[in-house]
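Everything on this sheet refers to the single structure shown next.
Derivation of every value follows stated rules applied to the coordinates shown; laboratory data play no part. Just so it is clear, the model here is predicted, and its values are computed rather than measured. Cβ sites come from the backbone with ideal geometry, for glycine too, and all protein chains shown count toward neighbours.
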Amino acid sequence: FEKKTKVHPASSLKALVTAGPTYELLDPVRFIGNFSTGKMGIALAESLAEKGIEVTLVLGPSKEKVNHPLIKIVNVVSAEEMLQACLKVYNAADITICAAAVADYRPVEKAPEKIKKGSEDSFHLELVKNPDILATLGRMKRENQVLVGFALETNNELEHAQKKLESKKANMMILNSLRKEGAGFGHDTNQVEILQKNKEIISLPLQSKAEIAKSIVDCILSIHKNDA
Ligand code: CTP
Ligand code: CA
């Protein structure tokens, strides 16, 4: 007979991580997307899993491979699908990290067939705002849940990240600056700042995404302990 080996998590904590881009479809063959690879979010999911924490990884379209017995992957395409997948597990999550690069807008409608090129020289596409997943989860957050977001900025970085920390009711924002050498989309290294409410900003050195993920997870676990 068959004997199933089940991996028992070493921690009683559960985590939810969003990662990757979202694709917002215009028609069956076209979409609005972005250059996110999902690497940072996946590295975070792996660091949490390495601590023995069970992770649900809600992943937008990404080419990256993930294979860890404590990581359950939920593949999604659009922001709306990503939100629905998050809402299913959020209540049970002690730690939630929104690392996905969610499209802020989507086409008002998806054409059922491929859109044909018209005779006009211009084409107008009407967009509607997507739900803000991090802000939605922030509004639902309970006392002992830790919610972490990322802020991608190109100017007035700290000010913008601070505003996002407050408006989205997150416990922590990771500031990602595209201006820095070796940081951001597609790179294997990154340089980030960790912002928390009423706490000093922590500046991490330029490191691999795996090393940064480890530092971020250690920081999250320290506030979860202090909160509980
Ligand atoms: N985010 C989200 N859902 C959205 C947009 C953003 O969950 N629809 C999350 C991202 O995963 C990230 C954080 O919010 O953790 C900040 O994303 P960012 O794009 O920097 O902020 P926005 O609020 O979208 O503001 P803007 O793009 O105008 O700077
Ligand atoms: Ca945005």
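Quick one: in the chain, what % of C-alpha pairs are over 30 Å apart? Of all Cα-Cα pairs in the chain, 26 percent lie more than 30 Å apart. By the beta-carbon count within 10 Å of each Cβ, the least crowded to most crowded order of Phe31, Phe123, Phe150, fewest first, is Phe123, Phe31, Phe150. Compared with the dominant principal axis of the Cα atoms in the chain, helix 79-89 is inclined by about 30°.
Rounded to the nearest 10 degrees, the inclination of helix 39-50 to the longest alpha-carbon principal axis of the chain is 30 degrees. Between 0 and 90 degrees, the angle of helix 209-227 with respect to the longest Cα principal axis of the chain falls at about 60 degrees. Based on C-alpha pairs under 8 angstrom that are at least 6 apart in sequence, the chain has a relative contact order of 19 percent. A Förster radius of 35 Å, combined with the Cβ-Cβ distance separating Lys197 from His8, puts the computed FRET efficiency at roughly 0.50. In terms of its C-alpha gyration tensor, segment 1-74 has a prolate overall shape, because the principal axis ratio a/c (a ≥ b ≥ c, square roots of the eigenvalues) is not below 1.5 and a/b outweighs b/c. Site-free segments of the chain were taken between GluC sites (Glu not before Pro) in DSSP loops having at most 15 other Cβ atoms within 10 Å, sites themselves excluded; the longest one is 3-63.
Here the relative contact order of segment 15-78, from alpha carbon pairs under 8 Å that lie six or more residues apart, stands at 39 percent.
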